[in-house]
1. Select from the stretch 117-137 the residues that are under 13 Å from the mean Cα position of the chain (by Cα) and in a helix (DSSP H, G or I) and list them in ascending order.
2. Looking at 64, 69, 76, 91, which one is part of a strand (DSSP E or B) and surrounded by fewer than 20 Cβ atoms within 10 Å (Cβ to Cβ)?
3. Based on this model, can you work out whether residue 111 counts as at pLDDT 95 or above, part of a helix (DSSP H, G or I) and in contact with a helix residue (DSSP H, G or I) (Cβ under 7 Å, 6 or more places away or on another chain)?
4. Within the stretch 139-154, does at least one residue satisfy the condition of being crowded, with 22+ Cβ neighbours inside 10 Å, in contact with a strand residue (DSSP E or B) (Cβ under 7 Å, 6 or more places away or on another chain) and not in a loop (DSSP other than H, G, I, E, B)?
5. Are there any pairs with C-beta distances below 6 angstrom linking a residue in the stretch 139-163 that is modelled with pLDDT of 95 or more to a residue that is in a loop (DSSP other than H, G, I, E, B), with the two at least 6 apart or on different chains, and if so which?
6. Checking the condition without any contact (Cβ under 8 Å) to a residue 40 or more places away in the chain and under 30 Å from residue 162 (Cα atoms), which residue from 57, 52, 80 passes?
7. Would you be able to tell me the number of residues in the stretch 127-138 that are surrounded by 13 or more Cβ atoms within 10 Å (Cβ to Cβ), more than 14 Å from residue 93 (Cα to Cα) and in contact with a strand residue (DSSP E or B) (Cβ under 8 Å, 6 or more places away or on another chain)?
8. Those residues that are modelled with pLDDT of 90 or more and assigned to a helix (DSSP H, G or I), I need them from the stretch 15-38; list them, please.
């Protein structure tokens with residue numbers, strides 16, 4: 001996983017064809033994936049620019065696969081936080097994997113990495129995530145990473161992981 005930066009996001013928004021060079025990875029024509037769209041990129045960019053160094057690591061992350069034989073690097077997905085822990089120590093995560101890379105464990109690995117990173121900060125007490133009720137794969141990913149379903153929020157299932 002590679003933490004995004006304001007520089008990454010400027011490239012994605014202004015000259016997306018240069019993202020492969022910046023990440024030193026193959027970037028599919030299907031990129032970006034899921035809900036990680038231009039609006040999300042612009043939101044993360046504003047957060048980085050307003051939050052300075054304290055914001056680094058609390059927004060977007062790139063999931064890059066490294067082929068163990070060839071060493072070839074491929075961007076397979078993204079994940080991140082909606083921001084640093086709030087006053088109650090809660091953070092929310094989101095994640096997405098390109099369709100051609102789904103069902104290979106990448107989402108599970110992304111969520112595991114996000115949980116580990118968030119809990120490396122003492123202030124983080126719990127982590128939430130939302131998914132559609134019909135998204136069985138996403139529910140399995142969250143449950144396998146220790147999340148429990150805690151309710152419904154605006155038509156999405158709410159999952160929570162408590163330290």
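1. Selection gives 117, 118.
2. 64
3. Numbers: at pLDDT 95 or above: yes; part of a helix (DSSP H, G or I): yes; in contact with a helix residue (DSSP H, G or I) (Cβ under 7 Å, 6 or more places away or on another chain): yes.
When the stated conditions are applied, residue 111 passes them.
4. yes
5. 157/133; 159/147; 161/146; 161/147
6. Details: 57 fails: without any contact (Cβ under 8 Å) to a residue 40 or more places away in the chain; 80 fails: without any contact (Cβ under 8 Å) to a residue 40 or more places away in the chain.
Only one candidate qualifies: 52.
7. 0
8. The answer is 18, 19, 20, 21, 22, 23.
The values are calculated or read from the model by the stated rules, or taken from the named source; none is laboratory data. Values in this document were obtained by computation on a predicted structure and should not be read as measured data. We place every Cβ from the backbone using ideal geometry, glycine too, and count neighbours over all the protein chains shown.
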